[in-house]
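The values are calculated or read from the model by the stated rules, or taken from the named source; none is laboratory data. Everything numeric here is computed off the predicted structure, so don't read it as measured data. Because the Cβ atoms are built from the backbone with ideal geometry, glycine has one as well, and the counts that use them run over all protein chains shown.
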Amino acid sequence: MAKVAINLSTGSIQQEEIIVGIDLGTTNSLVAYIHPDGRHPVAINDQGRGTIVPSVVHFPGGGDTPIVGTDAKEYLLTEPQNTIYSVKRLLGKSYQDLGQHAQELGYKVIDDNSEGLVKIRVGDTFYSPIELSAEILKELRQRAEHALKTPVNKAVITVPAYFNDSQRQATRDAGRLAGLEVLRIVNEPTAAALAYGIGLSPDEEKTVAVYDLGGGTFDVSILRIQQGIFEVLSTNGDTYLGGDDLDRAIINHWTQQHQLAQAVAASGSLQQELRLLAEAAKRYLSQHEDFAANFNDVVLRLTKPEFNDLIRPLVERTITSCRQALADAKLTPADLDAVLLVGGSTRVPLVYDAVSEFFQQPANNSLNPDEVVALGAAIQADILGGNRRDVLLLDVTPLTLGIETLGGLMDPIIPRNSKIPTKAGRQYTTSVDGQVNLKISVYQGERDLVKENRKLAEFDLRGIPAMPAGLPKVDVNFILNADGILKVEAIELRSNTRQAVEIKPQYGLTDEQVEQMLMDSMTHAREDIAARMVIEARTVAEQMLYQVERFVAKNGQHLTPEETTQTHAGVEQLKAALTTQDKDTILKAVDELEELTRPFAERVMNISISQAMAGKKIE
Ligand code: AMP
């Protein structure tokens, strides 16, 4: 049934449901839609608050009702432990993936040293990056609903081209948790190209570079657009380089010039003031030749040439990435039809000049670089809504295809709405020592627990050589051909053991059933994701218990009797927590056991290092 909505602000009747485009950024996020009158994309500015929503979630007093955006940003310095920023960096990542970066965050990321997905602790509650991203998306959704005076239930969300499957899936889940049906996850450079009108006609063939320098990240992508298909030829960048580094270069310069280090180190508010002045100087110098401001009894000055000298090494690093991306795509600057600029930091004239010089053509910065990705997402949403008849719509798979993993969870391999033909895969391993068979169960559907989805097939990969748990490497590949036939193959890489099945996923499914499955996934989103989080917490806890018990058995002699008693108490507490179905209780016990045992583990490591060193001594 088609819905008809009346836009109360303009009185115009909208025939189709609004599908918004969302740029869920590391530093800032935006939502855009296609204005029904001019049919052009517009970034939504609710109540004159601007189009940009800082991607910051603050939990006042460590409670559980968050505030999001500019109001939340105010607490970054005063309540860092309750104020979560850059959550996009954590999406779909394990603690191990984060490495040393986990320590650089102002808030607490739970260190379970496992391959499970990271959790953030605020007070006594544990949040997944999916839940925190969902808070940002809810805020964007509310702003859109408020500004457009109509319910918003569907969205296209953008992600960096280098995001892997689990980061994309995490973004989809965040959307679902925010009450949004995510019609498609789109690459940010693809959205930027669409915003610049590239790739809108089916017979167009173009090759473009998209240079994206935001607040905290940098990436460059080379895209080839052919018959409505956007192919990422190469991507390069640095996920820890952005406008914040330009600010830091200015701060360091002023600090040295005026010997400010001591005064600033002693005062949080001076530190904040200096940071804001540095950012103001940077912005000012995009338009003017010199900057001056009073700060704590001195006058801070910066000319444009000085600024350029300070940031040249950083800009050079981005150009090195561009060179690499072009080489990886096996192209030269002359092969590019356009160079598009994305991200607020591309307003810096030196950046513009360096990029234009490297690519040997003037870069295109005619659209607002903060908005361009969201605008492109809105255009993609419009295409998926069927409002652009001139644009080719490719066949897509209507439901997610995936396999069952530990605890009965659905692990999506090919997300719904993927263009077909398509191929995707993931690597798995065994969970028990000496396991020689692996059961592969293939499911279709949007729910988090496989028992709620439709089972398509099941087979055993037999003959895996007996090895300790975690060592075998099993590649599972899904190949969905243009006729909608799915081939699932599993290969154990060490022994080259393989097994495959072919299935027709749509067989026996009516459109109404597909629709019902989608509806169910939206209405059960909360409980499904909660159930998934309990299962994930239990898996982390079980791994932790296994590790601690093994550690104590092996290194018990290095622990004092008191430490042994404490460790046993921690283990018992975690076992007791496991009898509950409460993820916060379980994760709190994991966190406490981790805090308790970490010093022992470090000490034992030091002992074994010094023993190894002693062994190497030349007598
Ligand atoms: P984004 O993550 O794309 O929103 O980029 C935000 C970054 O762009 C921040 O580091 C801002 O300081 C920077 N930025 C915004 N406007 C300007 C400007 N006029 N000149 C230089 N940098 C800017």
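Yes/no per residue for (1) among the aliphatic types (A, V, I, L, M); (2) farther than 23 Å from GLY216 by Cα; (3) touching an Asp or Glu at 6+ places or on another chain (Cβ under 7 Å):
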position	(1), (2), (3)
GLY63	no, yes, no
LEU77	yes, no, no
LYS93	no, no, no
LEU98	yes, no, no
GLU104	no, no, no
VAL118	yes, no, no
ASP124	no, yes, yes
SER133	no, no, no
HIS146	no, yes, yes
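Does GLU316 satisfy being free of Cβ contacts under 8 Å to residues at least 12 places away in the same chain, more than 16 Å from the ligand (Cβ to nearest atom) and out of contact with any strand residue (DSSP E or B) (no Cβ under 7 Å at 6 or more places or on another chain)?
Numbers: free of Cβ contacts under 8 Å to residues at least 12 places away in the same chain: no; more than 16 Å from the ligand (Cβ to nearest atom): yes; out of contact with any strand residue (DSSP E or B) (no Cβ under 7 Å at 6 or more places or on another chain): yes.
The answer is no for GLU316.
Return the pairs, sorted by first residue and then second, in which the second residue is of a type in the set (Lys, Arg) and surrounded by fewer than 17 Cβ atoms within 10 Å (Cβ to Cβ), the first residue lies in the range 403-416 and is in contact (Cβ under 8 Å) with a residue 60 or more places away in the chain, the beta carbons are less than 7 Å apart, and the residues are 6+ apart or on different chains.
Final answer for the pair search is GLY408/LYS451.
Could you tell me which of the residues ALA469, ALA424 is surrounded by fewer than 14 Cβ atoms within 10 Å (Cβ to Cβ) and either modelled with pLDDT under 90 or within 29 Å of the chain's Cα centre (by Cα) (or both)? Give the derivation first.
Numbers: ALA424 fails: surrounded by fewer than 14 Cβ atoms within 10 Å (Cβ to Cβ).
Within the list ALA469, ALA424, the selection yields ALA469.
Return the residue satisfying two criteria in turn: it lies in the range 211-242 and is farther than 20 Å from GLU357 by Cα and charged (D, E, K, R), and of such residues it is nearest to the ligand (Cβ to nearest atom).
ASP238
Which one of these does GLY21 not meet: (1) within 16 Å of the ligand (Cβ to nearest atom); (2) surrounded by 17 or more Cβ atoms within 10 Å (Cβ to Cβ); (3) at pLDDT below 95?
(3)
Any residue in the range 336-353 that is in contact (Cβ under 8 Å) with a residue 12 or more places away in the chain, out of contact with any helix residue (DSSP H, G or I) (no Cβ under 9 Å at 6 or more places or on another chain), more than 30 Å from VAL53 (Cα to Cα) and not aliphatic (A, V, I, L, M)? Break it down stepwise before answering.
As a first pass, look at the range 336-353 and keep what is in contact (Cβ under 8 Å) with a residue 12 or more places away in the chain: 336-352.
Filter again for out of contact with any helix residue (DSSP H, G or I) (no Cβ under 9 Å at 6 or more places or on another chain), leaving 337.
In the following step, the residues that additionally are more than 30 Å from VAL53 (Cα to Cα) were identified as 337.
Restricting the remaining residues to those that are not aliphatic (A, V, I, L, M) gives 337.
There is at least one residue in the range 336-353 that is in contact (Cβ under 8 Å) with a residue 12 or more places away in the chain, out of contact with any helix residue (DSSP H, G or I) (no Cβ under 9 Å at 6 or more places or on another chain), more than 30 Å from VAL53 (Cα to Cα) and not aliphatic (A, V, I, L, M).
Name the residues in the range 177-216 that are charged (D, E, K, R), at pLDDT 95 or above and surrounded by 20 or more Cβ atoms within 10 Å (Cβ to Cβ), would you?
Selection gives GLU188, ASP212.
Do you know which of the residues in the range 253-282 that are within 16 Å of the ligand (Cβ to nearest atom) and exposed (fewer than 15 other Cβ atoms within 10 Å of the Cβ) is modelled with the highest pLDDT?
Among residues in the range 253-282 that are within 16 Å of the ligand (Cβ to nearest atom) and exposed (fewer than 15 other Cβ atoms within 10 Å of the Cβ), the one modelled with the highest pLDDT is ALA280.
Going through the range 363-387 one residue at a time, which ones are surrounded by fewer than 17 Cβ atoms within 10 Å (Cβ to Cβ), more than 17 Å from LEU213 (Cβ to Cβ) and of a type outside the set (Gly, Ala, Ser)?
Result: ASN387, single match.
Filter the range 319-346 down to the residues that are within 16 Å of the ligand (Cβ to nearest atom) and not β-branched (Val, Ile, Thr), then identify the one that is surrounded by the fewest Cβ atoms within 10 Å (Cβ to Cβ).
Taking the range 319-346 first, the residues within 16 Å of the ligand (Cβ to nearest atom) are 340-346.
Retained after the next criterion (residues that are not β-branched (Val, Ile, Thr)): 340-341, 343-345.
Numbers: LEU340: 27, LEU341: 25, GLY343: 27, GLY344: 20, SER345: 28.
My answer is GLY344.
Among the residues of the range 145-179, how many are part of a loop (DSSP other than H, G, I, E, B) and within 17 Å of the chain's Cα centre (by Cα)?
Here is the first cut: in the range 145-179, the residues part of a loop (DSSP other than H, G, I, E, B) are 149-153, 160-164, 178-179.
So of that shortlist, the ones also within 17 Å of the chain's Cα centre (by Cα) come out as 160-164, 178.
Count: 6.
Can you tell me which residue is farthest from ARG494 (Cα to Cα) among those in the range 461-475 that are free of Cβ contacts under 8 Å to residues at least 40 places away in the same chain and touching a Leu at 6+ places or on another chain (Cβ under 7 Å)?
The extreme case among them is LEU461.
Which condition breaks for GLU357 when tested against (1) away from the ligand (no atom under 16 Å from the Cβ); (2) in contact (Cβ under 8 Å) with a residue 12 or more places away in the chain?
Every condition holds for GLU357 apart from (2).
Go through the range 126-142 residue by residue and tally those that are out of contact with any Gly (no Cβ under 8 Å at 6 or more places or on another chain) and farther than 18 Å from ASP71 by Cα.
Residues in the range 126-142 being out of contact with any Gly (no Cβ under 8 Å at 6 or more places or on another chain) and farther than 18 Å from ASP71 by Cα: 5 in total.
Here is a check on your reading of the model: is PHE307 in the same structural domain as ALA354 (by TED's automatic domain parsing), assigned to a helix (DSSP H, G or I) and surrounded by 13 or more Cβ atoms within 10 Å (Cβ to Cβ)? Spell out the reasoning first.
Working: in the same structural domain as ALA354 (by TED's automatic domain parsing): yes; assigned to a helix (DSSP H, G or I): yes; surrounded by 13 or more Cβ atoms within 10 Å (Cβ to Cβ): yes.
Taking the combined requirement at face value, the residue satisfies it.
Among the residues of the range 473-497, write down those that are touching a Pro at 6+ places or on another chain (Cβ under 9 Å) and in a strand (DSSP E or B).
ILE479, LEU480, LEU486, GLU492, THR497
Quick check on GLN547: is it crowded, with 16+ Cβ neighbours inside 10 Å, within 28 Å of the chain's Cα centre (by Cα), of a type in the set (S, T, N, Q) and not assigned by TED's automatic domain parsing to the domain that holds GLY463? If you could, list the steps in order and put the result at the bottom.
Working: crowded, with 16+ Cβ neighbours inside 10 Å: yes; within 28 Å of the chain's Cα centre (by Cα): no; of a type in the set (S, T, N, Q): yes; not assigned by TED's automatic domain parsing to the domain that holds GLY463: yes.
Here the answer is no, as GLN547 does not meet what is asked.
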